[in-house]
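Beneath this line is the structure, given in structure tokens, with notes to follow.
The values are calculated or read from the model by the stated rules, or taken from the named source; none is laboratory data. Since the structure is predicted, the reported quantities are computational estimates derived from the model, not experimental observations. For neighbour counting, all protein chains shown are included, and Cβ atoms are generated from backbone atoms with ideal geometry for every residue, glycine included. With ligands, DNA and RNA removed, areas are computed over all heavy atoms of the protein, side chains included. Shrake-Rupley method; radii C 1.70, N 1.55, O 1.52, S 1.80 Å.
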Amino acid sequence: MDDWRLRGQEDYLQNNSLYQIDFPAFWLRSYAEKNAFYRLIADEARRFVAQMGRGQENLEGDKIRHFWHEHCEFCWKKVTCDTDASFYCTGDLRYWVCPSCFRDFKDKFGWTEKDASALFDSASGKETDT
């Protein structure tokens, strides 16, 4: 398949489980639980505020969500906490895939889709059997 979106992602996305994430609900739950996704965003926000010399008021409440964004690994569609859409991500929250690219490449990459609740359980530190 000759597709402009393919740039060697097989090296890190082949045969992965991807979790369907619905924003902004995913962020709201992460913020309430202070789970791994929340901590990832909070760490990024603190680093950015320190590097840019911004005031600590930028870290109050859920304002930190504005410091985070990712892109689809294939088409570069932007993912934010405020996006009213679904995306897919790896269990380590590192790689994100938009629904169109997920459909287009699911079979090629051998992905299995998992429920986001399993990700919340693991992100909260609870043991899961998924």
proj_area_mean for region 39-83 (convex hull on C-alpha atoms), units nm², value 3.5
Convex hull around the C-alpha positions of region 1-41: the volume in Å³ per residue is 127
Given a 1.4 Å probe, the accessible area of the chain per residue, as a whole number of Å², is 57
Restricting to Cα pairs under 8 Å and 6 or more apart, the percent relative contact order of the chain works out to 36
Measuring from its Cα centre, the chain shows a charge dipole (+1 at each Lys and Arg Cβ, -1 at each Asp and Glu Cβ) which, in debye to the nearest 20, is 380
Listed by chain and number, the lysines with an alpha carbon less than 30 angstrom from that of LYS106, same-chain partners under 8 positions apart left out, are LYS77, LYS78, LYS114, LYS126
Semi-axes (Å, rounded, descending) of the ellipsoid equivalent to the chain per its C-alpha gyration tensor are 27, 18, 12
Carbon plus sulfur, as percent of the 1.4 Å-probe accessible area of the chain, comes to 45
